[in-house]
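The values are calculated or read from the model by the stated rules, or taken from the named source; none is laboratory data. Values in this document were obtained by computation on a predicted structure and should not be read as measured data. Note that each Cβ is placed from the backbone with ideal geometry, even for glycine, and that neighbours are counted across all protein chains shown. These accessible areas exclude ligands, DNA and RNA; they are computed on the full protein's heavy atoms, side chains included. Shrake-Rupley method; radii C 1.70, N 1.55, O 1.52, S 1.80 Å.
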Amino acid sequence: MTNPLFQKDIISIADLSRSELELIVTTAQSIKKKPRPTLLSGKVIASCFFEASTRTRLSFETAVYRLGGSVIGFDSGGNTSLAQKGETLADSVNVIGSYSDAFVMRHPQDGAARLASIHANVPVINGGDGANQHPTQTLLDLFSIYETQGTLEGLKIAMVGDLKYGRTVHSLTQALALFGCEFFFVAPEALQMPAYLCEELDSAGVSYQFSNELEAVLPQLDVLYMTRVQKERFDPTEYQHMKSQFVLSATMLHDVKPNFRILHPLPRVDEITTDVDATPYAYYFQQAENGVYARQALLALVLTEDL
Ligand code: CP
C-alpha cells in the first residue's frame, strides 16, 4: 500500500494529519533502532540553504548519506545565479528540481517554500521560511517528546522566549494541539504567540495560558521548550532588553516532575545557563541528534512508495 507521504511536499506542519505525524515518529523510532543504509540508494537530494543553518542542513545531509543517497546543493545562498545574477527563486527551483529527487530548502522569506513547491517537479521540504514555519524541526521535536515521555498525548508544555518570530514554536504548537496538550506561553508581551495561532487554538478548544513567571510554571510541566530571542530580527537596544527576561538556570529546577525534560531547537545564546546541561532534565543535545532520525524517516517516506 502506498504510504500517505509518498511524493508529498512538506511545507507547513498544518499540511500533515495526526496519523501522518504519528507515522513519521514511529518510522524515526524504527530507523533509530535499525539503520537502513540502502533505502535511498540512487536518489539525489538537493540541499539548498538560502539562509544560514548548522543543524537542519547537516542533519538532513547526514540523513541522506546514512540512507545511501547523495546530496547536491549550497549553503547560505552561496555563489548561485539567484544570489549573484538576479535569477528568480522560481527559475532556480525549476532547474534544481530537474537534477534531484527531492528539494530541501531554507529561505529568509515567509512563504518561499510554498512558492518553490509550485515550481518544482519533485517534493519540496521546508527547512525553515522566515518567521513562518519549520516543520521538520517539529518532527524531531515530536520524536524527542515521544522518546522522553512515551506519548504525545495530553502533556503540559511551556513555550518560552521569542514566540512571535520563533517559527519552531509556531509549528510545534500546531502539531501538539492535535494531541490534546495544554500550553503555557511564557514571553515578553511584545514577543507573545501571534494572534492567528491563539485563534486556531481557541477554535480547536485547546487550553492555553500566558505567563511571565517562568519559575512558577515549572512544577506543572512535562516539557519545557526554550527558544532564543532572535538577534537578527531586532535593533541592538531592543534585543538587549528582550533577551535577558527569561533565563533558565539549574537552581530553578528544584521542584520539577521526574519526567520533566528541557528542549531547545538550538542555537542557544544565554537563555539556558550551562549548569543546566549536567542535570537529568536537559535533552537538547539528544534532541539535535534526533534530527537525523526524524529527517531520515521523512525522506524515506517521501521517496519510498511502500515503506
Ligand atoms: N534548530 C535549527 O533550525 O538550527 P539551525 O538554524 O542550525 O538549522
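Remark on the range 15-167: hydrodynamic radius 16.7 angstrom, per the Kirkwood mean of 1/r across alpha carbon pairs. Among Glu271, Glu22, Glu61, the sequence by solvent-accessible area, most first, with a 1.4 Å probe is Glu22, Glu61, Glu271.
When the Gaussian network model of the chain links Cα atoms closer than 10 Å, the mean-square fluctuations of Pro108, Pro135, Pro123 top out at Pro108. In terms of distances greater than 27 angstrom between alpha carbons, the cross-link table entries Lys8/Lys43; Lys8/Lys33; Lys8/Lys34; Lys34/Lys164; Lys156/Lys243 yield Lys34/Lys164. Between Thr151 and Glu189, full extension at 0.36 nm per residue minus the direct alpha carbon distance yields a gain of 10.5 nm. The Cβ shell under 11 Å around Leu40 holds other residues with a net charge of +2, Lys and Arg each +1, Asp and Glu each -1. Computed on the range 136-288, with alpha-carbon pairs under 8 angstrom and 6+ residues apart, the relative contact order is 25 percent.
Quick check: the angle from helix 89-98's long axis to the longest principal axis of the chain, C-alpha only, nearest 10 degrees? Taking Cα atoms only, the helix is inclined about 60 degrees. Listed values for the range 161-171 are Karplus-derived 3J(HN,Hα) couplings in whole Hz (6.51 cos²θ - 1.76 cosθ + 1.60, θ = phi - 60°), namely x, 8, 7, 6, 9, x, 5, 5, 6, 5, 5, and x replaces Gly and Pro. Considering the chain, its Cα convex hull presents a mean projected area of 15.8 nm². When both the range 245-307 and the range 93-167 are represented by their alpha-carbon centers, they are found 16 Å apart.
Look at the alpha carbon pairs under 8 Å that are at least 6 residues apart: their mean separation over the length of the chain gives a relative contact order of 22 percent. Remark: the range 136-288 is approximated by an ellipsoid whose semi-axes, taken from the C-alpha gyration tensor as √(5λ), come to 21, 20, 14 Å, largest first.
Within the accessible area of the chain, the carbon and sulfur atoms contribute 49%, probe 1.4 Å, all protein chains present.
Ligands, DNA and RNA are left out, and with a 1.4 angstrom probe the accessible area of the chain is 41 Å² per residue. Extension gain, Asp275-Ala14: 0.36 nm per intervening residue step, less the Cα-Cα distance, totals 90.4 nm. Less than 5 angstrom separates the built amide H of Ala120 from none of the residues sequence-distant by 5 or more or on a different chain. Compute the long axis of helix 18-33 from its Cα atoms, compare it with the longest principal axis of the Cα atoms of the chain, and write down the angle in degrees, 0 to 90, nearest 10. The two axes meet at around 80 degrees.
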